[in-house]
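What follows is one structure encoded as structure tokens, with my remarks underneath.
The values are calculated or read from the model by the stated rules, or taken from the named source; none is laboratory data. Everything quoted here is computed from the prediction, not taken from an experiment. Note: ideal-geometry Cβ built from the backbone for every residue, glycine included; neighbour counts use all protein chains shown. The area values use the complete protein model at the heavy-atom level, side chains included, leaving out ligands, DNA and RNA. Shrake-Rupley method; radii C 1.70, N 1.55, O 1.52, S 1.80 Å.
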Amino acid sequence: MTTVIKGGTVVTAGDSFAADVLIAGEQVVAVGQGLNGDTVIDAGGAYVIPGGIDVHTHLDMPFGGTVSSDDFFSGHRAAAFGGTTMHIDFAIQPKGATLRETLEIWHAKATGKAAIDYGFHVAITDLPDSVLEEMPRCVEYGATSMKLFMAYKGALQVDDMTLFRAMQQAARHQLLIMVHAENGDAIDVLVREAVEAGNLAPKYHALTRPPELEAEATARAVRLAEVAGAPLYVVHLTNAGALEAVRLARARGGAGHIFAETCTQYFFFTKDDLAREGFEGARWVCSPPFRTPEDQAALWQGVADNSLQVVSTDHCPFWFEGGTDGRPAGKELGRESFARIPNGCPGIEERMMLLYTHGVRTGRLSLNRWVELTSTNPARLFGCYPRKGTVAPGADADLVIWDPEARRTLSAASLHQRTDYTLYEGWEVVGAPRTVLSRGRVIVDGDAWQGEAGAGQFVHRRPFGL
Ligand code: URP
Ligand code: ZN
Ligand code: ZN
């Protein structure tokens, strides 16, 4: 059985051209004019793009005294409705567990639920010699990137010795080190001081995690990676100072091994959003926190000049009002103190639409750059290109037929993420998926869900640079 997507404009990171796309089974087999297939999908007036790849998500993750509210089915359905057909989630190592055991826990969460393809990074929280020795086996596990947290003291944070040893091992085995770069020790001091002073409202989350502490940790991580000779990917970068550290490292000759992403929400919100009326600001509590309009401008500049190579979401949803009706606890945990608000925001569904509306339509990003930031670079950096991240013969038919004129009003009521809010309630977007395919199967057709729990597959990724 073959399917042809007819009459659209194919957009890849490098090119835009009128062409049909022929799919046989799970793969694209031809891209060109006048192609025919058993089934025809009309793409007239639309773009045909590689499905979005979100390399920073937290589904079904125990965190902050609760668990993130999307699982591997609800999160996948939401992703697909937003035009994302693959993601890479963080498998968080329980202290004392091997990396194999850690991945098994996350495989169990995904098996039978996954509706799109997915991969795992391992988040290392504990690095005895046995785990250090196990790191090279992540190549065989197909999870060739590992994150270390420089923040969340007393929970996920590792010290510099652990980070550096992981980097050295990564350098030997072509593994990609990812860092959450904030100075967790200094933040811990500031949080304790704020709590002791009775400064407990959500806005103190941002005030106790100042941008300098992200810039400092970013510069430290970059320098450690340079000494260790390891490739480094800085996650969820939010501000001009941190960006400067990345930019300088890339200018020093690190363009092939120092990388950074920002996340959609950092283009749109500031620390003032945490100071909204009453407890409202809790919706915007994530780490690192939102910054300033000047930082937003720096991030737009960073994606335009390639100091930032990826835009992901850090999708880590919690209920605003959780803890009842079968919902896990949510943001309400922090009503008495910002220090107990679970950190994280939803966003896997909105990313492609917001970046199209505010990036492409405003002229900040070309169409090709939009595809590169949201799909192609993620696939290249995380070892699954060109199977993923492009529209070409031999690639998986993870495709989105993108209607550039479709208008949507974003609302928690109509989005598919399992949470009672979106940061973008009432925002208008122009440009949205019309049809979404995962390995050749239509999973979203307009408003209709046609995906299937269990159809998504684990993507075994290559080592960095191979
Ligand atoms: O606030 C956030 N970002 N929560 C998820 C965990 C992390 O730091 O990525
Ligand atoms: Zn993080
Ligand atoms: Zn995260």
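The numbered conditions (1) more than 30 Å from Gly241 (Cα to Cα); (2) touching a Cys at 6+ places or on another chain (Cβ under 9 Å); (3) within 16 Å of ligand 1 (Cβ to nearest atom) are all true for Pro94 except (2). In this structure, does Phe17 turn out to be farther than 30 Å from Val158 by Cβ, aromatic (Phe, Trp, Tyr) and more than 16 Å from ligand 1 (Cβ to nearest atom)? Answer is yes for this residue. Screening Glu405, Glu372 for residues that are over 16 Å from the mean Cα position of the chain (by Cα) and open to solvent by 10 Å² or more (accessible area, probe 1.4 Å) leaves exactly one candidate, Glu405.
Asp71 meets the conditions (1) within 30 Å of Asp129 (Cβ to Cβ); (2) touching a helix residue (DSSP H, G or I) at 6+ places or on another chain (Cβ under 8 Å); (3) assigned to a loop (DSSP other than H, G, I, E, B) in every case but one. The failed one is (1). Among the residues of the range 39-54, some residue qualifies, meaning at least one is assigned to a strand (DSSP E or B) and within 16 Å of ligand 1 (Cβ to nearest atom).
Out of curiosity, is Phe17 assigned to a strand (DSSP E or B), modelled with pLDDT of 95 or more and more than 28 Å from Ala392 (Cβ to Cβ)? No.
Scanning the range 431-466 for residues that are closer than 16 Å to Phe73 by Cβ, touching a strand residue (DSSP E or B) at 6+ places or on another chain (Cβ under 7 Å) and not in a loop (DSSP other than H, G, I, E, B) turns up Val436, Ser438, Ile443, Val444, Phe458. In the range 38-56, the residues that are of a type in the set (Asp, Glu) reach residues that are modelled with pLDDT under 95 and open to solvent by 10 Å² or more (accessible area, probe 1.4 Å) with C-beta atoms within less than 6 angstrom, at least six apart or across chains, in these pairs: Asp38/Met1.
Name the one entry in Ala78, Ala97 that is closer than 30 Å to Phe338 by Cβ and more than 15 Å from ligand 3 (Cβ to nearest atom).
Ala78
Filtering the range 97-114 to residues that are open to solvent by less than 40 Å² (accessible area, probe 1.4 Å) and in contact with a Phe, Trp or Tyr (Cβ under 6 Å, 6 or more places away or on another chain) leaves Leu103, Trp106, Lys109, Ala110, Ala114. Among the residues making up the range 434-466, those that are under 25 Å from Gly112 (Cβ atoms), open to solvent by less than 40 Å² (accessible area, probe 1.4 Å) and in contact with a helix residue (DSSP H, G or I) (Cβ under 8 Å, 6 or more places away or on another chain) are Val436, Ser438, Ile443, Val444, Gly451, Gly456. Answer yes or no: is there a residue in the range 248-268 that is more than 16 Å from ligand 2 (Cβ to nearest atom), more than 21 Å from Thr162 (Cα to Cα) and of a type in the set (S, T, N, Q). Taking every residue of the range 248-268 in turn, none turns out to be more than 16 Å from ligand 2 (Cβ to nearest atom), more than 21 Å from Thr162 (Cα to Cα) and of a type in the set (S, T, N, Q). Phe81 meets all of the listed conditions (1) away from ligand 1 (no atom under 16 Å from the Cβ); (2) farther than 24 Å from Ala453 by Cα but one, namely (2). The C-beta contact set for the range 296-311 (first residue over 21 Å from Asp54 (Cβ atoms), second residue assigned to a helix (DSSP H, G or I), distance under 6 angstrom, 6+ apart or interchain) comprises Ala298/Ala240; Ala298/Leu243. Checked against (1) open to solvent by 20 Å² or more (accessible area, probe 1.4 Å); (2) in contact (Cβ under 8 Å) with a residue 24 or more places away in the chain; (3) farther than 17 Å from Pro433 by Cα, Gly34 passes all but condition (2).
Taking the range 127-176 as the range and being open to solvent by 10 Å² or more (accessible area, probe 1.4 Å), aliphatic (A, V, I, L, M), in a loop (DSSP other than H, G, I, E, B) and away from ligand 3 (no atom under 16 Å from the Cβ) as the test, only Leu127 passes. Looking across the range 62-96, the residues that are within 16 Å of ligand 2 (Cβ to nearest atom) and surrounded by fewer than 21 Cβ atoms within 10 Å (Cβ to Cβ) come down to Pro62, Phe63.
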